[in-house]
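The values are calculated or read from the model by the stated rules, or taken from the named source; none is laboratory data. Everything numeric here is computed off the predicted structure, so don't read it as measured data. Here the Cβ positions follow ideal geometry from the backbone for every residue, glycine too, while neighbour counts run over all protein chains shown. These area figures cover heavy atoms from the full protein model, side chains too; ligands, DNA and RNA do not enter into them. Shrake-Rupley method; radii C 1.70, N 1.55, O 1.52, S 1.80 Å.
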Amino acid sequence: MTERLALLLWTNADNQFGNRVIKEEIKEALLKNDKPLAIAKIEEFLNKEKNTPLNIAITGETGAGKSTFINAFRGMDNRDEGAAPTGVTETTLENTPYPHPMYPNVTLWDLPGIGTTKFPADKYLELVGFEKFDFFIIISDTRFRENDVKLTQEIQKMKKRFYFVRSKIDNDVRAAERKKDFSKEKTLTKMRENCVQGLRGSGIQSPQVFLMSSFELHLYDFSQLYETLDRELPEHKRHALLRAMPNISLEIINKKKKAFKRRLYLLCAVSGGVAAVPLPGLSIVVDIALMVGAVTDYICGFGLDIKSLKRLSAISGVPYTDLLAVITSQLAAKKITRDLLLKVSAQLAVSAVFMVLEEVCRFIPIIGIPLSMGFSITTTYRLLNFILNQLAEDAQKVYEKALGLKASPQKLKK
Ligand SMILES: Nc1nc2c(ncn2[C@@H]2O[C@H](COP(=O)(O)OP(=O)(O)O)[C@@H](O)[C@H]2O)c(=O)[nH]1
Ligand SMILES: [Mg+2]
């Protein structure tokens, strides 16, 4: 049985999970039959994923749109409590951290542009404590200027990554629309090329430029920026980024769902090992504390908690009740407690067992869970898998509703 569990972990917690050291330790503990140690290691591993810090520096001249971007990334309206103040002139070198409201390990730092300070570029980086940043985003609402270039050169010397964001594209598109022969694609391509050429001319080799509107993150190049970061960041940082990403596309929702699903295998392994709590009305056992944690994670990740939905309503202008109306899961927009989950699980259990039977059957032969491993693992898996699928579908519907899109024919992958 122990070897099977190790196999389960090894097969599913493949390289996508990062951190080989802990994974090796888990495997070793299992092979030595040291279950408590294995569980402790799995928990350490899952927590590490959750707690990996990601520090993003946002810099650019006053008025470029830094604070507005920071708010948009965190799913906030400029007027929200805890939002970065916008439309203010910076006078001092102040380095303000804005943690993500749900994932405080992800912090966006509002740095003033170097043109607003008296410091030369190299001193500036020292003063802002550049070491702690995973990457820099340099924002400009016009072409990039000498100061941006100087700063970039310094960032390059420090061997840190940087990306250029050309902000307020909604304004540019609106202005271009008035011209004859307007083509959105051509306008955007030309703007991107102009920025790249300008930066190349200033000596920046292969600059990566992304066009963006903080009022409409789902349009233009924000998804491309995410994809680029997803390629270039170290593995554990990528997980941190994905968790905190606003749900601005079906791809993001799908990626989050996949990541949750992979974690589910590990959670189930923990569930198989820790003391289980009986689920009333069912002859099976499920670790409820573990499920509460997992479901809360799904709800936050998909932005289906009350706060996120209210924020989304404020940003999109779609009434909160209209967003709630498209949700089918009884767990969304609620505080996930043990009692609520027990109640919903008891109702779901029967349908979940049948509805995901096909998937479970597919899952069992591949991983080779012997029935002797008990029902706890498979039941937890079925229920969480069912809840996860339902919440992912709700996230898709909420996303479409908020953007005024027709229901997408593109189905989320099961
Ligand atoms: N149209 C439009 N205006 C923006 C956008 N981002 C910022 N702004 C506006 O630009 C002004 C300056 O933005 P702010 O975020 O305070 O810039 P910061 O000084 O760089 O932090 C504010 O009036 C914002 O509303 C955008 O994407 N589109
Ligand atoms: Mg600002």
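Test of understanding: among Lys261, Lys237, Lys257, which residue is open to solvent by less than 40 Å² (accessible area, probe 1.4 Å), at pLDDT 90 or above and in the same structural domain as Thr337 (by TED's automatic domain parsing)? Sole residue among the options that is open to solvent by less than 40 Å² (accessible area, probe 1.4 Å), at pLDDT 90 or above and in the same structural domain as Thr337 (by TED's automatic domain parsing): Lys257.
Residue-level check: of (1) within 16 Å of ligand 2 (Cβ to nearest atom); (2) open to solvent by less than 20 Å² (accessible area, probe 1.4 Å), Tyr98 misses just (2).
On inspection, Pro97 fails the criterion of being closer than 24 Å to Gly303 by Cβ, assigned to a loop (DSSP other than H, G, I, E, B) and not aromatic (Phe, Trp, Tyr).
Within region 40-55, is even one residue at pLDDT 90 or above, more than 10 Å from ligand 2 (Cβ to nearest atom) and not in a loop (DSSP other than H, G, I, E, B)? Yes; the residues of region 40-55 include at least one that is at pLDDT 90 or above, more than 10 Å from ligand 2 (Cβ to nearest atom) and not in a loop (DSSP other than H, G, I, E, B). For Leu108, indicate whether it is assigned to a helix (DSSP H, G or I) and either open to solvent by 40 Å² or more (accessible area, probe 1.4 Å) or within 16 Å of ligand 1 (Cβ to nearest atom) (or both). In short, no. Each residue in region 193-219 was checked for being in a loop (DSSP other than H, G, I, E, B) and farther than 15 Å from Glu251 by Cα, and 12 of them qualify. The set of residues in region 61-87 that are within 9 Å of ligand 2 (Cβ to nearest atom) and either part of a loop (DSSP other than H, G, I, E, B) or not assigned by TED's automatic domain parsing to the domain that holds Thr107 (or both) comprises Thr62, Gly63, Ala64, Gly65, Ala84, Pro85, Thr86, Gly87. More than 12 Å from ligand 1 (Cβ to nearest atom), buried (at least 21 other Cβ atoms within 10 Å of the Cβ) and at positive phi, is that true of Gly82? Judged against the criteria, Gly82 is not a match.
Within region 125-142, being away from ligand 1 (no atom under 16 Å from the Cβ) and either of a type in the set (D, E, K, R) or open to solvent by less than 50 Å² (accessible area, probe 1.4 Å) (or both) holds for Leu125, Glu126, Gly129, Phe130, Glu131, Lys132, Phe133, Asp134, Phe135. Note on region 85-100: residues that are more than 10 Å from ligand 1 (Cβ to nearest atom) and either closer than 16 Å to Met212 by Cβ or not hydroxyl-bearing (Ser, Thr, Tyr) (or both) total 6. Checking each residue in region 60-79 for being touching a Lys or Arg at 6+ places or on another chain (Cβ under 7 Å) and more than 8 Å from ligand 1 (Cβ to nearest atom) picks out Gly75, Met76, Asp77.
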